[in-house]
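Notes follow once the structure below has been shown.
The values are calculated or read from the model by the stated rules, or taken from the named source; none is laboratory data. Please read all numbers here as calculations on a predicted model, not as lab measurements. In this analysis, Cβ positions are derived from the backbone assuming ideal geometry, glycine residues included, and neighbour counts consider all displayed protein chains. Quick note on the areas: whole protein, heavy atoms, side chains included, nothing else; ligands and nucleic acids left out. Shrake-Rupley method; radii C 1.70, N 1.55, O 1.52, S 1.80 Å.
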Amino acid sequence: MQRHSDMNKHTIKRIIKYGGGILLLAIISMGIAAFYLSAKWKPVITEKIKEGVYTGSNRLYRINFKDIHLNLWSGNVKLDSITLIPDTQVYRQLKPAYLFELKAAALKISRIGILTAYFSQKIKMNSIVLDQPSINMIYEKAPRKRDKDEKTLYQQIAKTLKSIRIGHISINDANFDYYKGTEKQHEIRHLNMTIKDFLVDSLSQYDTTRIYHAKDIAFELAGYRALTKDKMYTLKIDTIKGSVDRKSIGISGLKLIPMYPDLTFSRKYKAQKDRYDLNFNQVKFNGVDFIKLNNTGNLHARQLIIGPANVAIFLNRELPPPNFDKGRNYPHIALKRLPITTLIDTVSLNKIDIAYTEYNPKTKERGTLKLDNLSGPILNVTNDSVALLKNHKAYANLNTYLMGKGKMNVKIDFNLTDNNGAFSYVGNIGPINLQTLNPLAKALGQLTIESGNVQKMNFKVDANLKAAKGEVNFYYQDLKINLLKEGEDGKAKGKGLLSFLANTVLIKNDNPIKGEALRIANTTFERVPQASFFNLMWKTVFVGVRTAVGIGVVPVKPMPEPKPGSNNQKKEKLKKVN
């Protein structure tokens with residue numbers, strides 16, 4: 001028994017020894033075979049890749065690479081030192097809207113079925129990874145019109161391949177330069193892009209749910225920073241993210257930072273120029289129709305969310321006014337100048353704090369008008385001629401807090417097709433202590449408000465590029481002011497006698513005065529070319545306020561039309577006869 005047991009052990013050892021040797025020999029043989037086949041197949045695969053790119057791009061592009069590393073068993077391929085070069089002669093014939101140039105240290109392909117690709121003419125792979133490429137994108141102003149007989153990508157490769165399917169394409173940490181013709185427009189660094197489920201076959205060529213043959217294209221840009229063309233601002237963006245599948249584009253941490261302090265900035269120019277200091281926590285497009293954007297170049301989004309944000313605007317009044325008409329920057333007029341056809345169903349403003357500051361050279365002080373927590377929707381923001389035939393109005397319904405205290409609501413009705421920039425607005429302001437306005441009144445109006453409480457104010461105005469006309473109902477009590485003058489020490493001091501006369505003779509301390517009806521102020525304001533859209537809006541209301549408090553004339557309301565058959569109407573007829 002012992003001898004039999006020893007024989008069995010000896011037999012097992014021999015089996016393991018010879019089996020291991022055979023296995024090792026097989027592995028070595030497979031390695032040699034893989035090396036041999038890889039070497040044999042390398043020129044074949046190289047040729048197929050070059051032919052596929054050239055044919056698939058309609059002879060526009062050629063791909064070159066220094067070397068190819070091929071593993072038949074794992075299906076992994078690596079290309080070294082890649083360049084994608086457009087053929088300029090073909091480019092002149094095809095005249096595509098966009099042209100690309102690419103350089104990369106390496107391109108990695110994983111799990112590609114090489115034998116299947118060769119024998120079945122079907123390419124299928126798990127992923128393609130392109131690390132740290134340099135990409136130039138050139139845009140031509142006049143894209144060519146699509147030819148009715150133009151072949152799809154599948155039709156172009158059909159003689160060589162039956163299908164191409166790639167599960168995942170990644171472009172990591174790319175340098176991206178955008179050119180308009182020969183002029184560089186933007187430099188983008190650290191761009192990441194992911195393309196999912198890329199498919200080219202006989203059915204997918206007509207799949208309208210795909211863009212560039214993919215189910216989803218997502219991108220992310222981190223840490224963008226650039227100087228504006230005039231070198232007066234720095235533009236910074238923390239991140240930009242977008243996804244075709246999610247139909248969204250999101251921008252976080254968007255900042256426009258002036259290069260100089262406010263007065264120094266303004267004095268770089270010969271005329272008045274607004275200085276902006278912008279900080280947007282979020283700007284996000286939802287419901288973007290990327291398919292339409294790709295096919296027609298038209299932007300259609302369901303919603304644009306702006307904010308939370310801080311917006312600071314500064315204007316130095318010591319300089320002469322600009323020599324152009326600011327009316328061209330009315331929101332609904334500027335919308336017409338957008339370079340692409342745009343339709344945004346709803347623009348949602350979300351918690352935007354606005355501070356508008358003017359420097360008064362007479363007082364040498366800054367006065368700031370603050371609108372806090374500006375929020376609300378703007379509907380039908382479009383310059384699309386087809387959409388405008390259905391609805392030529394945009395509507396804004398905005399809420400904010402004047403100087404952070406008085407709640408204000410403004411509804412604006414924009415006529416998007418009127419050549420004269422017609423719009424109208426109605427609004428109201430809730431209770432507010434008028435002393436809240438002193439920082440603004442002292443610097444810009446050379447007065448302070450000693451007392452005064454607003455119960456409410458309503459206004460209704462029709463306006464256009466030239467002027468505005470409307471009505472202001474201003475309810476207030478116990479208004480008293482103090483007129484200021486500059487003292488010998490340079491500090492503002494009160495004009496005692498003039499202030500007394502103003503409070504007792506000119507200014508009406510209450511509206512309505514006890515026992516009387518409310519004084520309704522009709523207001524008109526003619527816009528000078530240097531005045532902006534918002535200047536027209538608030539100046540028109542301000543003129544109404546001045547009129548209501550007595551610093552101005554309250555226009556007499558027209559007499560009502562006489563009723564048919566009345567004595568007044570008979571008198572009018574007699575006058576006409578005589």
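Taking a 1.4 Å probe, which of Arg92, Arg59, Arg337 shows the most accessible area, and what order do the others take after it? Can you show the working numbers first?
Values: Arg92 155, Arg59 100, Arg337 130 Å².
Sorted descending by solvent-accessible area, the residues read Arg92, Arg337, Arg59.
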**Asked** In the neighborhood of Ile354, defined by Cβ-to-Cβ distances under 13 Å, what is the net charge if each Lys or Arg adds +1 and each Asp or Glu adds -1?
**Response** -2
**Prompt:** So how much accessible area does Ile513 have, in Å² to the nearest 10, using a 1.4 Å probe?
**Reply:** 60 Å²
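Tell me, what are the semi-axes, in whole angstrom and largest first, of the equivalent ellipsoid of the stretch 222-347 as set by the roots of 5 times the Cα gyration tensor eigenvalues? All intermediate terms of the calculation are to be shown ahead of the outcome.
Values: eigenvalues 196, 72, 30 Å².
The equivalent ellipsoid of the stretch 222-347 has semi-axes of 31, 19, 12 Å.
Can you work out D for the stretch 287-339 in µm² s⁻¹ from Stokes-Einstein, where Rh is the Kirkwood radius over C-alpha pairs, the temperature is 4 °C and the viscosity is 1.567 mPa s? Mind showing how you got there, number by number?
Working: Rh = 15.1 Å.
Answer, rounded: 86 µm²/s.
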**Item:** Surrounding net charge for Gly550, when Lys and Arg each add one and Asp and Glu each subtract one, Cβ distance under 15 Å
**Value:** +1
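Pull out the extension gain between Leu335 and Leu235, defined as 0.36 nm times the separation in residues minus the alpha carbon to alpha carbon distance; nm, one decimal. Kindly include the intermediate steps, with their values, before the conclusion.
Values: separation 100, 0.36 × 100 = 36.00 nm, distance 2.22 nm.
Taking 0.36 nm per residue and subtracting the Cα distance, the gain is 33.8 nm.
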**Message:** Multiplying the sequence separation of Ser385 and Asn126 by 0.36 nm and subtracting their Cα-Cα distance, what value in nm do you get?
**Reply:** 88.8 nm
**Prompt:** Using the alpha-carbon centroid of each, what span in Å lies between the stretch 154-177 and the stretch 343-363?
**Reply:** 46 Å
**Asked** Distance in nm between label sites at Ile507 and Asp80, each 7 Å beyond Cα in the beta-carbon direction?
**Response** 8.5 nm
**Item:** Surface accessible to a 1.4 Å probe, Tyr260 within the full protein complex, Å²
**Value:** 80 Å²
